[in-house]
Amino acid sequence: MMTFNSSSIVVRMGLLSSSSPEAVDSMTLFVLLLCACIIIGHLLQKSKWMTESVVALIIGLVTGIIILLTTRGRSSRLLVFDEELFFIYLLPPIIFNAGFQVKKKQFFRNFLAIILYGVLGSLISFIIVSLGSLQLFKKLDIDLPSLGDYFALGAVFSATDSVCTLQVLNQEETPLLYSLVFGEGVVNDATSVVLFNAIQKLDLSHITLENITQFIGNFFYLFLTSTLLGVAVGLFSAYLIKKLYFGRHSTDREIALMILMAYFSYMFSELLDLSGILTVFFCGIVMSHYTWHNVTENSKITSRHTFAILSLISEIFIFLYVGMDALDIEKWRFASNSPWTLFGTSAILLCLVLLGRAAFVFPLSFIANLFRKSRNDKIAFKQQVVIWWAGLMRGAVSIALAYNKFTSSGHTKLQGNAIMITSTIIVVLLTNVVGGLLTKPLIRFLLDPHKHVGSTMSSGLFSAKTLPLLTNGQHSESNIDTGNPLDSSQVVHHFWRNFDDTFMRPVFGGRGFVPVIPASTTEDTLH
C-alpha cells in the first residue's frame, strides 16, 4: 500500500521534485481527484443545478479541509505552482479548443456585439472597479501601495470566466446566448490580460494626456497584432499540411503538428509580449476553417477529441486546484487580523463587479440592437439579464492575475496584498458557485430554450442530432438561414465567401477545396 507522508504534503511542481517520494504521492492523489471529478461530473451531467466546475471546486474545498486537518493547519494543497505555469500549460489548450470548436458562423454573425461586450464592456468594467475601489477602500483604511494596484485590481475583476460559460450555457438550446456570452468571455479574458500588461508598462506617477494616448495605443496594438499573429500561424499550418500531405504516411504526424503549431502560436505571442490568449483563440478558428480540412478523415475525428480532452483535463485541474488553494492558511493568517476589513473588501469588490457588468451589458445591448435589422435577431431584455448574470463568474484568469500582482512566488508578504488575494478568492468562489448553480434555473425561468432553437437566427444551425466532435464541420459552414438580405452582416459574409473561395481556399485548403483523404496506408494495414 502507498505510504503517505502528511508532513511533506505540499510539493512544488518542477523537475527537482519529480523524483521525490512525496512528489509521487501528491501527484498520484491529485490524478485520483481528477478522476473523481470526471466521474462525479458525469453522474451529475443532467443535473439542473450542478456544473463540472462547481463539482471540482467543491471537491477541492473538501480535499483542502482534509489536508488542513491532516497537517494540523500547515497546508491545504497537494501541489504548489506559480501563476506562470497556469498561463503556460493549462490555459492554452482551453482557449485553443474554444476557438477550434466554436461555431464560426454564429460567432462572426454576432461579432459586433461580442467585441462591444468583450472590449468596450471590459474597459467600462475596468474603470468602474478601479475608481470604485480607489474611493471605497479608503473608508476601510485600506491603502494599496500605488495607484497601479487599483488599476490592476480593475483588470483582475474584468476577466469573465469563459470556462464556466461553456458549462452553464447550452450551445444547442440557446445558441445566441452561448455565442454572445462565450465569445465575450474569451475576448474579455484577452482584453483583461492586455489591460493588465499595459498597466504594468504605464508610468502612473504622473498621468498626462500623452501617457493616456500611449496606453490606448499600446492596448489596440497588442489586440490587433495578437489577432493577426494567430491568423498567420493558423494559415501557415494549413499551407504546410496541405503541401506536405503528412497523412499519406502517418496521421500521428498531422495531429502532432497541429498541436505543436497551436502551442507555438501561444508561446511565440508571449515571447513578443503580446496576448497569447487572443493569438491561440484565433489560431484555433483559422485551423478549424482551413487546416482541419487538409488532414485525413481519421485525423479529423482524432484531433477534435484530442483537443477537447486536453481542454477538459485543464479545466478540471484549474478548478480543483483553486478549491484547495482557497483554504491556503498562509494567506488567511495575514488577512485574519482584520476580518471585518476582509469582509468589507470582498463585499465592495462583489458589488463593483455586479455594477460594472450592468453598466455595459444593457447600454451596449441597446447599441448592438441598432445594427440588427431583423426583429428576431435583436437581443431581448430577458436575454440581456441572462447575459449579465452568466458573465458575472470570475475564475482562474482573475486568480492568476491577482497572484501575479499581489504575491511573490506564491507567497503573500503584506497584509494589504493578503486581503486582496483572499478577497479575490472569495469573489471567485461566490460567483462560480452561486452563478453556476443559478444560471440554468434562471434560463428556464426567463426563457424557453426550445423556442430559441427554432428561431430564425439559429434555425438549422444547431441540431440536437449533431455530434460536434464527430462531424466534418460542414454544419458550421452551411445550413444557416440567410436571414434578412439587407442585413450588413449578410453583405459582409457574401463578400468574404467570394474572397475565401477565390483566393484563400485554393491556397490554404478548406471544405470543398481538398479531396476527402482516407486513412494512411499504414493504418489500413494495421486494421
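What follows is calculated from the coordinates using simple rules that are stated; it is not laboratory data. Owing to the predicted nature of the structure, the values given are computational and were not obtained by experimental measurement. So basically every Cβ, Gly included, is an ideal-geometry build from the backbone, and we count neighbours across all protein chains shown.
Figures for the structure shown
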read-out: Range of Cα positions in the range 223-367 per principal axis (Å), largest first; value: 66, 42, 29
read-out: Pair L244, I127: separation of 7 Å Cα→Cβ label points (nm); value: 4.8 nm
read-out: Stretchable slack from I40 to L228, in nm (0.36 nm times residue separation minus alpha-carbon distance); value: 63.6 nm
read-out: Shape call, the range 281-360: gyration tensor on alpha carbons, a/c limit 1.5; value: oblate
read-out: Simple spin-label estimate for L446 and N498 in nanometres, 7 Å along Cα-Cβ; value: 4.0 nm
read-out: Cut-off under 5 Å, modelled amide H: who pairs with T160 long-range; value: D189
read-out: 3J(HN,Hα) from dihedral phi, the range 228-245, Karplus parametrisation 6.51/-1.76/1.60, rounded to Hz, x for glycine, proline; value: 5, 5, x, 5, 5, 5, x, 5, 4, 5, 5, 5, 5, 5, 5, 6, 7, 6
read-out: Gyration tensor over alpha-carbon atoms, the range 384-445, equivalent ellipsoid semi-axes in Å; value: 30, 9, 8
read-out: Contour excess over end-to-end distance, with Cα ends at V24 and I207 and 0.36 nm allotted per residue; value: 60.8 nm
read-out: Protection proxy ranking of 296-304, 213-221, 174-182, 253-261 - average other beta-carbon atoms within 10 Å, highest first; value: 174-182, 296-304, 253-261, 213-221
read-out: Long-range HN-HN contacts of L79 with modeled amide H, under 5 Å; value: V11
read-out: Ranked by how many other beta carbons lie within 10 Å on average, peptides 389-397, 100-108 from highest; value: 389-397, 100-108
read-out: Point-to-point label distance, N369-T70, nm (Cα→Cβ direction, 7 Å offset); value: 5.4 nm
read-out: Ordering of 278-285, 504-511, 191-198 by burial proxy (mean other Cβ atoms within 10 Å per residue, highest first); value: 278-285, 191-198, 504-511
read-out: Cross-link pairs K139/K405; K139/K440; K104/K382; K300/K373; K103/K201; K104/K440 - those with Cα-Cα distance over 27 Å; value: K139/K440; K300/K373; K103/K201
